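Everything below concerns the one structure shown next.
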Amino acid sequence: MNFEDFPDLVKEDIEDSSLSVLEYVADDIIVIGGWAVRALIGDKHGRYTLDIDGVAEISKMKEIESKLSSVGMNMRRNEWGVQFYHKYDPRIKIPENMKNDIEKIELRIEISGPRIKEFQTPHYFEFSLTDYEPRTISYHMGGNKVMVKVPPAEHMAAVKLGLPMDYKNNLDSQVLLDVCDVDKVVEVIKENDDWAEMVLRRIPKLIGRLSQRDRLEHILAMNVGINIKEHVKIMKYIEKKLKC
């Protein structure tokens with residue numbers, strides 16, 4: 001059983017547990033990834049998210065490490081940054097038949113410098129550490145909120161359009177484009193290295209998946225109220241602008 005197959009109550013408890021970790025370093029990082037999309041979109045995000053992704057000044061990493069280590073997070077270093085992790089400790093009753101799967105769940109927060117690289121190429125996207133918006137993310141239970149710093153929606157849409165093709169990145173790009181200035185998205189893509197090359201590779205695939213009624217991307221987009229025909233037009237518009 002993978003994360004998506006867990007009951008909603010379990011996924012909500014995992015998300016709340018992740019947010020409780022994020023609170024310790026929310027002032028020190030710019031949140032990117034799925035949690036940034038949640039902060040920008042709210043309930044319309046349409047999916048659960050597990051890992052926390054963030055970028056920070058390299059000079060802040062020691063302080064971040066100290067804060068997360070002090071609350072029991074373990075640490076793995078790699079070529080792109082640092083991953084902090086510990087086992088998920090449920091705060092709800094877990095069904096007996098799920099306990100083995102739950103024991104494998106880790107809460108993870110992955111932090112790097114502002115420049116993120118596409119895994120299989122030298123291309124990169126660089127987030128600004130000064131151009132961000134303060135937003136809140138609500139806990140599912142208890143009514144509390146976490147204040148976070150996130151990139152503008154146009155920046156998040158730009159990076160999501162060039163990331164590897166999976167249903168999470170694809171859905172995130174669609175819900176973000178619903179609240180974006182599309183011309184600004186194009187501008188941000190063009191400003192970042194040759195990220196445009198990554199986006200141009202992936203737009204035809206995204207259009208294909210979004211247009212096929214039996215694809216998960218199409219189903220999820222419909223579930224959150226995305227107008228498929230309009231979004232295909234937006235994709236083609238972005239593609240045309242990037243080729244100019």
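Rule-based calculations on the coordinates, nothing more; no lab input. In this text the structure is predicted, and so the values were computed from the model without any measurement. In this analysis, Cβ positions are derived from the backbone assuming ideal geometry, glycine residues included, and neighbour counts consider all displayed protein chains.
Below are the figures for this structure:
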item: Distribution of pairwise C-alpha distances over segment 173-244, 10 Å bins, in %; result: 19, 53, 25, 3
item: Equivalent-ellipsoid semi-axes of segment 24-143, from the Cα gyration tensor, Å, largest first; result: 26, 19, 16
item: Order of E96, E65, E230, E57 under a 10 Å beta carbon neighbour criterion, fewest first; result: E96, E230, E57, E65
item: Residue among G54, G113, G72 with the largest mean-square fluctuation in a Gaussian network model of the chain, springs linking Cα atoms under 10 Å; result: G72
item: Segment 153-244 - charge dipole about Cα centre, Lys and Arg +1 at Cβ, Asp and Glu -1, debye rounded to 20; result: 460
item: Cut-off of 10 Å, at most 14 other beta carbons, DSSP loop: longest stretch of the chain lacking such trypsin sites (Lys or Arg not before Pro); result: 105-212
item: Per-residue ³J(HN,Hα) for segment 164-169, Karplus 6.51 cos²θ - 1.76 cosθ + 1.60, θ = phi - 60°, Hz, x for Gly and Pro; result: x, 6, 9, 4, 5, 4
item: Calculated P(r) tail over 34 Å for the chain, as whole % of Cα pairs; result: 16
item: About the Cα centre, charge dipole magnitude for the chain (Lys/Arg +1, Asp/Glu -1 at Cβ), debye; result: 600
item: The chain - percent relative contact order, Cα under 8 Å, separation 6 or more; result: 19
item: Farthest toward positive dipole pole in segment 187-244 [+1 Lys/Arg, -1 Asp/Glu at C-beta], among L242, N227, I203; result: N227
item: Residue among V182, V71, V199 with the largest mean-square fluctuation in a Gaussian network model of the chain, springs linking Cα atoms under 10 Å; result: V71
item: Inter-part distance where segment 210-243 and segment 46-97 are each reduced to a Cα centre, Å; result: 33
item: Sorted by Cβ neighbour density within 10 Å, fewest at the top, the residues F127, F3; result: F3, F127
